[in-house]
Structure formats: structure tokens, C-alpha cells
Amino acid sequence: MAELPRHIAVIMDGNGRWAEERGLSRTEGHRAGSETIERLLDHLLRLKIPYVSLYAFSTENWRRPKSEVRAIFGLLDEFVESRLQKLVKKGVRVVISGDISKLPAKTRGQVLNATRLTAKNRRLVANFCLNYGARAEIVRAAMLACTQSRGKITERQFRRFLWQPSLPDIDLLVRTAGEQRLSNFMLWQAAYAELYFTQKNWPELGPRDIDAAIAEFRRRRRKFGGL
Ligand code: IPE
Ligand code: IPE
Ligand code: MG
């Protein structure tokens, strides 16, 4: 039988549309979306998948109205406050990709605390991408590589300068809400990812949808340029 993906990445899209369809505020959509994150993590723990990356806020999302940006970070604070102890117990290790120095001070403190308190966990690495953009990550890595290494640099050495060098390449990349684009997400790590798109909005995604994505992944034949 084909292997399970080791690293799943998710572009969690469609919170706004989900809310709109129900006559709710966009904030309610983001709130429902944060509950989906918890369900996903529980399911990946059951499946023993060791790495997941979650696109939570992009470098381009600052273009949204201030009130929505504030609401998203408020929900992130709530998420950490209400779930951190559970994540610690379940063996989830929280890591961050992205420049969190630009986040509101409270949110920055909360996420740093989450990374500290879960640092020893080993069952599932959950990489939260916050103020994350793949181009910014690659430019940052190039700058670090210029200052910290002399002369030539290999792909393997370059990788050390990414936000989370120890994450393996993405095997399966899922995007919800019917959009079929990467929106500046993990361009380096997704070089050979299998892409999976679903029409469902993020808040309505459940364990069965994840199973369907994984089943599709296992049917694909990966070639990595070979035969
Ligand atoms: C994804 O849902 C969440 C974030 C980008 C933070 P959206 O807010 O993009 O939902 P739509 O695309 O407007 O439906
Ligand atoms: C991508 O979704 C970013 C996140 C899921 C955090 P967007 O909704 O921001 O992407 P576009 O604007 O449709 O490309
Ligand atoms: Mg969207």
C-alpha cells in the first residue's frame, strides 16, 4: 500500500464565504474555522501523521480591513488561551513560520508561549504560518545565507535559513473553498507536493474530507522527475 503523507499543508480558505452563506459575520466564519483546526489536529494525531503546516495569516492579509485583522488575531489569542493545555497534553508541538514581530504584542506573547510550552512534544509538529509569505521567507533566507555563509551555497544549506528548516518537504497540499492557487504559500517546500483542492469551505471540513484527500494522495504516482 502507498505511504501516508508525512507532511500535510493546508491553505485554510473560505471562512468568509461560509459565514456569508449563513448570514453571519466574517468573524463568526473565522471562529468556526479555528474549531476546524482543532478537529484536524485530533485527526492527524489519530492517523500518526507527524507534520502539518497551517496557513493562518499571509503577508498579504494586512490588506483586509483593520477590524477584520484585529478579529483574526483576537481569535488566535482565544485559540491559544483555550487550547494550549490540551495541545500540551496531546503531544502537539507548536512552531511558527513568519515574522511575528509585526503581530499585536499580546498575540506575539501567546504564540511564543505556545511554542515554549510545547517544545518537548513529539507526536505532531503543527507549523502555524503567521504573517507568512513564501517570497518573504525566501528573500530572508537569501539575506541570511549571504551574511552567514561564504561563497557557494547548496540547496541543502539554503534550507537551513528557512523559518522551519527541520520540516520535511510537503507531501500533500490541500486548499479549500474551490480556489486553485498557492497565494504565496511555501513555494520552496511545495516544490514536489501533490495538490488537492476541495469545494468545501474550511469551517465545514471534517475528518472524512481529510481521509478523502489522503486516499487521493495514495493513488497518485510520484515521480520526482524520474520514470
Ligand atoms: C481564510 O478565509 C482565512 C484567512 C485568510 C485568514 P477567508 O477569510 O479568506 O475566506 P473567504 O475567501 O473570504 O471566503
Ligand atoms: C490565503 O487565503 C491565505 C490564508 C489562508 C491565510 P486568501 O483568501 O488570503 O487568498 P487569496 O486572496 O484568495 O489568494
Ligand atoms: Mg480567502
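Rounded if a/c is under 1.5, else prolate if a/b is larger than b/c, else oblate: which is region 72-174, with a ≥ b ≥ c the root eigenvalues of its Cα gyration tensor? Write down the numbers at each step before the final one.
Numbers: a/c = 2.30, a/b = 1.67, b/c = 1.38.
The shape class here is prolate.
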Item checked: the chain: radius of gyration and largest Cα-Cα distance (Dmax), Å -> 17.4, 57
Notebook entry, point to check: What residues of region 61-80 lie in the reach of a label at residue 136, counting those whose backbone N is under 11 Å from a point 7 Å from the Cα along Cα→Cβ?
Noted result: 61-63
Next item on the list: Return, ordered by residue number, the residues of region 174-201 whose backbone nitrogen is under 13 Å from a label point located 7 Å along Cα→Cβ of residue 42.
Entry: none
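Please arrange 45, 227 by counting, for each residue, the other beta carbons lying within 10 Å of its beta carbon, fewest first.
On the way: 45 16, 227 3.
Listing 45, 227 from fewest to most nearby Cβ atoms yields 227, 45.
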Margin query: Debye calculation, C-alpha points only, no solvent: report log10 I(q)/I(0) for region 156-200 at q = 0.15, 0.23 Å⁻¹, in the same order as the q values.
Written below: -0.43, -0.82
Next item on the list: Please give the length that would be gained between residue 102 and residue 169 if that part of the chain were fully extended, namely 0.36 nm times their separation in residues minus their C-alpha to C-alpha distance (nm, one decimal).
Entry: 21.5 nm
Check: Which residue fluctuates the most in the chain, going by a Gaussian network model with Cα springs under 10 Å, if the choices are 150, 70, 93?
Finding: 150
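Between residue 120 and residue 2, what length in nm is gained on full extension when 0.36 nm per residue of separation is reduced by their alpha carbon distance?
On the way: separation 118, 0.36 × 118 = 42.48 nm, distance 3.04 nm.
This chain segment gains 39.4 nm when fully extended.
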Next item on the list: Could you list 155, 194 in order of exposure, starting from the residue whose Cβ has the fewest other Cβ atoms within 10 Å?
Entry: 155, 194
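Quick one: net charge of residue 20's neighbours, Cβ under 11 Å, K/R +1, D/E -1? Walk me through the intermediate numbers first.
Working: positive: 17, 22, 26; negative: 21, 28.
My count for the surroundings of residue 20 gives +1.
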Notebook entry, point to check: So which lysines pass the test for residue 106, namely a Cα distance under 29 Å, with those fewer than 8 places away in the same chain ruled out?
Noted result: 66, 86, 89, 90, 120
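Run through region 1-63 and list the trypsin sites (Lys or Arg not before Pro) located in a DSSP loop whose Cβ has at most 16 other Cβ atoms within 10 Å. Intermediate values should be presented prior to the final figure.
Numbers: sites: 6, 17, 22, 26, 31, 39, 46, 48, 63; in loops: 6, 22, 48.
Sites meeting the loop and neighbour criteria: 6, 22, 48.
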Item checked: Structure-based [θ]222 nm, the chain - -39500 (n - 2.57) summed over DSSP H runs of at least 4, per residue, nearest 500 -> -14500 deg cm²/dmol
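Every read-out reported here was derived from the displayed coordinates using simple, explicitly stated rules and does not represent laboratory data. Remember, it's a predicted structure, so these values are computed and weren't measured experimentally. Don't worry about glycine lacking a Cβ; one is built from the backbone with ideal geometry, like all the others, and counts go over all protein chains shown.
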